[in-house]
Amino acid sequence: MQKLPHTTVVLAMSADGKIADFQRSPARFGSTADKIHLETQIAAADAILFGAGTLRAYGTTLTISDPNLLQQRITKNKSPQPFHLVISGSGNINPDIKFFQQPIKRWLLTTETGAKFWQARSEFEQILVIETINGKINTLAVWQHLESLQIQRLAVLGGGELVASLLEFNLIDELWLTVCPLILGGNTAPTPVSGLGFRSNLAPKLQLLEVNQVNQEIFLHYRIDKSY
């Protein structure tokens, strides 16, 4: 039986459950403690995955800078930085953003159409063409492909559409949610899970593993209950 990557979602949100404001501006409301927490989760992963919308909003990704975390990876015979994977059906990403100058290995998970622009370029070390279902990337096929590449631990950094798709296929193992002390509001402001949503009787169930408070932020660690 194929063993899929252990997948952890790591997100910061406002007290009313928004991961960005109604203008979908980059969510930079987390504290220094939240940044350290995020870097620690990234350091524990073999690869980082995020949607193209998240990349367009920030223009960059977070890399490991803490010397202790870098040394821990080297001790475990890992590369200093995990692979950073962007998933995009269209492949519509600006090649001039700062992300493409960061010292990381970049992979693109896309469709045949999305791959056309990038195949003759050098920005992505690998371009993985994934099968589609009704014009959208087959999320389950993505995970099976990652397992074949020996990616054992994966950290997902957003956005809500990607997280919703992973929950639909029961591909998430853990969630780290940082609750930040502000209220964003807005009917159109994105939340950690977008998509069509789940009926209450079919909603994924969580087990609370730990709760930590650092100053005004709350760090919630959940496991997905897969016994249902």
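Going through S165, S200 one at a time, which residue ends up being crowded, with 16+ Cβ neighbours inside 10 Å, of a type in the set (S, T, N, Q) and on the phi < 0 side of the Ramachandran plot?
S165
Mind counting the residues in the range 1-18 that are surrounded by 20 or more Cβ atoms within 10 Å (Cβ to Cβ) and of a type in the set (D, E, K, R)?
1
Determine the pairs where a residue that is aromatic (F, W, Y), located within the range 154-176, has a partner that is modelled with pLDDT under 95 and open to solvent by 20 Å² or more (accessible area, probe 1.4 Å) with Cβ atoms under 6 Å apart, the partner being 6 or more residues away or on another chain.
Between residues of the range 154-176 that are aromatic (F, W, Y) and residues that are modelled with pLDDT under 95 and open to solvent by 20 Å² or more (accessible area, probe 1.4 Å), the close pairs are F169/L140.
Those residues that are farther than 25 Å from E147 by Cα and open to solvent by 40 Å² or more (accessible area, probe 1.4 Å), I need them from the range 49-63; list them, please.
Taking the range 49-63 as the starting set, the residues that turn out to be farther than 25 Å from E147 by Cα are 56-60.
The answer is R56, Y58, T60.
Going through the range 99-129 one residue at a time, which ones are in a loop (DSSP other than H, G, I, E, B), acidic (D, E) and open to solvent by 80 Å² or more (accessible area, probe 1.4 Å)? Walk me through how you get there before you give the answer.
So in the range 99-129, the residues in a loop (DSSP other than H, G, I, E, B) come out as 102-105, 111, 116-125.
With acidic (D, E) added as a condition, the list becomes 123, 125.
The answer is E125, and nothing else.
Looking at the range 71-88, is at least one residue surrounded by fewer than 19 Cβ atoms within 10 Å (Cβ to Cβ), assigned to a loop (DSSP other than H, G, I, E, B) and in contact (Cβ under 8 Å) with a residue 40 or more places away in the chain?
So far as the range 71-88 goes, no, none of its residues is surrounded by fewer than 19 Cβ atoms within 10 Å (Cβ to Cβ), assigned to a loop (DSSP other than H, G, I, E, B) and in contact (Cβ under 8 Å) with a residue 40 or more places away in the chain.
Can you find, within the range 172-197, the residue that is most open to solvent (accessible area, probe 1.4 Å) among those that are among the polar types (S, T, N, Q) and assigned to a loop (DSSP other than H, G, I, E, B)? I'd like the intermediate steps shown before the answer.
Quick first cut of the range 172-197, residues among the polar types (S, T, N, Q) only: 178, 187-188, 191, 194.
Those left that are additionally assigned to a loop (DSSP other than H, G, I, E, B): 187-188, 191, 194.
On the way: N187: 166, T188: 88, T191: 44, S194: 34 Å².
Checked the range 172-197; the qualifying residue most open to solvent (accessible area, probe 1.4 Å) is N187.
Being in contact with a Leu (Cβ under 8 Å, 6 or more places away or on another chain), open to solvent by 10 Å² or more (accessible area, probe 1.4 Å), over 16 Å from A155 (Cα atoms) and not hydrophobic (A, V, I, L, M, F, W, C) narrows it down to one residue among D21, D66, D46, D96; which is it?
Working: D66 fails: in contact with a Leu (Cβ under 8 Å, 6 or more places away or on another chain); D46 fails: over 16 Å from A155 (Cα atoms); D96 fails: in contact with a Leu (Cβ under 8 Å, 6 or more places away or on another chain).
Of the residues listed, the single one that is in contact with a Leu (Cβ under 8 Å, 6 or more places away or on another chain), open to solvent by 10 Å² or more (accessible area, probe 1.4 Å), over 16 Å from A155 (Cα atoms) and not hydrophobic (A, V, I, L, M, F, W, C) is D21.
Looking only at the range 24-37, which residues are in contact with a strand residue (DSSP E or B) (Cβ under 9 Å, 6 or more places away or on another chain) and either open to solvent by less than 40 Å² (accessible area, probe 1.4 Å) or at pLDDT below 90 (or both)?
A27, F29, G30, A33, D34, H37
Tell me, please, whether a residue that is under 23 Å from E39 (Cβ atoms), touching a Gly at 6+ places or on another chain (Cβ under 7 Å) and open to solvent by less than 70 Å² (accessible area, probe 1.4 Å) can be found in the range 134-141.
Just the residues of the range 134-141 that are under 23 Å from E39 (Cβ atoms), to begin with: none.
For the range 134-141, residues under 23 Å from E39 (Cβ atoms), touching a Gly at 6+ places or on another chain (Cβ under 7 Å) and open to solvent by less than 70 Å² (accessible area, probe 1.4 Å): absent.
The values are calculated or read from the model by the stated rules, or taken from the named source; none is laboratory data. Remember, predicted model here, so these are calculated numbers, not experimental data. Neighbour counts are summed over all protein chains in view; Cβ atoms, including those assigned to glycine, are modelled from backbone coordinates with ideal geometry. Note: accessible area is taken over every heavy atom of the protein model, side chains too, but ligands, DNA and RNA are not part of it. Shrake-Rupley method; radii C 1.70, N 1.55, O 1.52, S 1.80 Å.
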